[in-house]
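To start, the structure under review is shown below, and the notes come after it.
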Amino acid sequence: MPFRLRALLYFVFFLLLTACSQQQTLQGIFQKSTPHETYARRLRQAGLDQTALGRDWLAAADKALRDSLVVTLPFQETGYFAAERATASSYRYQVREGETVRISLTLGGGTEARVFLDAFELDPDRAAPRPLASADTTALSFSYVAEDDRQHLLRVQPELLRTGQFTLRIQRAPSLGFPVRGKNDVAVGSFWGMDRDGGARRHEGIDIFAKRGTPAVAAAAGFITRVNETPRGGKVVWLADTEHSQHIYYAHLDQQLVQPGQQVRIGDTLGLIGNTGNARTTPPHLHFGIYRGGRGAVDPFPFVRHADALPPAPRTAPERLGQWVRVRDKQAALHRGPLTKATTIAGVVRNTPLLVVGSQTDWYRVQRPDGQLGYIPAKAVVAATAPLRQTALPVATDLYAQPQTGAATLDSLPARSLVAVLGEFQGYRLVRSAAGTIGWLAGIDS
């Protein structure tokens, strides 16, 4: 069956598939089927999992959970997806316990597509990633709080047979309010884990320095469980944060201004900064601690650190998205992340064509002709619009959609057809026909 006719039939199936679908909303946890799972189930119910395109879509979704690129937060990238390819992008990033992760995706102008966003936690003790949150609205955004110091993974996958662009942002923000009025994390002068009592114990919190009498305020809504005085903490206040199942500890206060059982809101004054207890020889400060159920004390800094600034916008050429480029130098490398020090995934040689599917600062996210994804410096490639050479075909030849045996046929070119060679990969040539169709030819003489 000709490729274009097959694509048309798939599109008809697709319309039938989505005609009865209802828009899904953000799901903080996967108690019900996620939008992605619902769409996959409808693919199977419509029999599209038995077609090449349907199988490719399901396989791409599964592969994205096992083979992701690695990025550093805050992160921003402009991406591209094409109707003729069933793809899924995935990004792996490190988070700290207590950080709020904010994810947003904006579709480019003229892009009309459902895009599925799914966040997962990667746990070395679990065989499969643990689902965290998902969304698939036209204003794609959600946030969640990290429960452990772990790597997380975000999968981005559009529905079938859609072409478009998107801008993805991943940023971190505090999950609690800052506990000292008028201050921020710059005022932290002693951090988690530092030696105490000559190394006999470790600091189980952070110290926030401020003038005596500065208000110590509720970092979360909750109720006061204890107001007392101890030899080490001096005048202390304990706040139960029921939303996050944790207890917040305020120590070395000069005055306590709340009572046990009192309900408080974020920002309410609990006491005044001092140096009571074993802090009497130090400048006034608040010892701030967090104790979580079943874990004890945890590092509170990620809970209150400043929010990430807006990530830098791509400086690479936006018109390259969805276009072919080719390797300029004799050799180059595909990296797992947009950093020179990132792990090398694969090597590429001069004139290898690469499809640009993402743009991030001075890097492109590219797809090698065999499907391998990675990042490459923008300076390492050139546009493939200018041909390497012109070649006349000695015999009639099929033009393929991919450089592999059994690939779909885009066109049949008669003998003596003139084609422009745009790149070379493993015995195949990426060419542009006289009609402007770009595809692959096998076994052309150099």
Probe 1.4 Å, accessible area per residue of segment 94-140, Å²:
42 Å²
Heavy-atom accessible surface of segment 164-291: percent carbon and sulfur, 1.4 Å
49 percent
If you average the sequence gap of Cα pairs under 8 Å that are 6 or more apart and divide by the length of the chain, what percent do you get for the contact order?
12 percent
Work out from phi, with θ = phi - 60° and the Karplus expression 6.51 cos²θ - 1.76 cosθ + 1.60, the ³J(HN,Hα) of each residue of segment 238-244, listed in order in whole Hz, and give x for Gly and Pro.
10, 10, 8, 9, 5, 5, 10
Take the alpha-carbon positions of the chain, form their convex hull, and give its projected area averaged over all directions (one quarter of the hull surface) in nm².
25.8 nm²
Scalar couplings 3J(HN,Hα) for segment 288-298 by Karplus 6.51 cos²θ - 1.76 cosθ + 1.60 (θ = phi - 60°), nearest whole Hz, x for Gly and Pro, are 10, x, 10, 10, 10, x, x, 10, x, 5, 10
Per-residue SASA entry for Arg96, accessible area with 1.4 Å probe, Å² rounded to 10:
90 Å²
Rounded to the nearest Å, the spacing of the alpha-carbon centers of segment 393-419 and segment 294-310 is 58 Å
Under a straight-distance cross-link criterion of Cα-Cα below 25 Å, which lysines are reachable from Lys330, leaving out those fewer than 8 residues away in the same chain?
Lys341, Lys379
Would you mind estimating how fast segment 309-446 diffuses translationally, via Stokes-Einstein at 20 °C and 1.002 mPa s with the Kirkwood radius over Cα pairs, in µm²/s?
137 µm²/s
dims of segment 110-265, Cα set, principal axes, largest to smallest, nearest Å -> 67, 34, 29
What is the distance in Å between the Cα centroid of segment 84-155 and that of segment 332-355?
24 Å
Over the chain: helical MRE at 222 nm, DSSP H runs n ≥ 4 each giving -39500 (n - 2.57), nearest 500
-3500 deg cm²/dmol
Rounded to the nearest 20 Debye, what is the dipole magnitude of segment 133-266 about its Cα centre when Lys and Arg each give +1 and Asp and Glu each give -1 at the C-beta?
340 debye
Could you give the radius of gyration (one decimal) and Dmax (whole number) of the Cα atoms in segment 168-260, in Å?
14.6, 51
Using the heavy atoms of the protein chains alone and a 1.4 angstrom probe, what is the accessible area of segment 211-304 per residue in square angstrom?
44 Å²
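Efficiency by 1/(1 + (r/R0)^6): what FRET value for Thr106 and Gln426, r their Cβ-Cβ distance, R0 = 41 Å, to the nearest 0.05?
On the way: r = 37 Å, r/R0 = 0.90.
The formula returns an efficiency of 0.65 here.
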I'd like the Karplus ³J(HN,Hα) series for segment 272-283: coefficients 6.51, -1.76, 1.60, θ = phi - 60°, whole numbers in Hz, and an x wherever there's a Gly or Pro.
10, 5, x, 8, 6, x, 7, 9, 5, 9, 10, x
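The values are calculated or read from the model by the stated rules, or taken from the named source; none is laboratory data. Note that the structure is a prediction, hence the values are computed from the model and not measured. For neighbour counting, all protein chains shown are included, and Cβ atoms are generated from backbone atoms with ideal geometry for every residue, glycine included. Note: accessible area is taken over every heavy atom of the protein model, side chains too, but ligands, DNA and RNA are not part of it. Shrake-Rupley method; radii C 1.70, N 1.55, O 1.52, S 1.80 Å.
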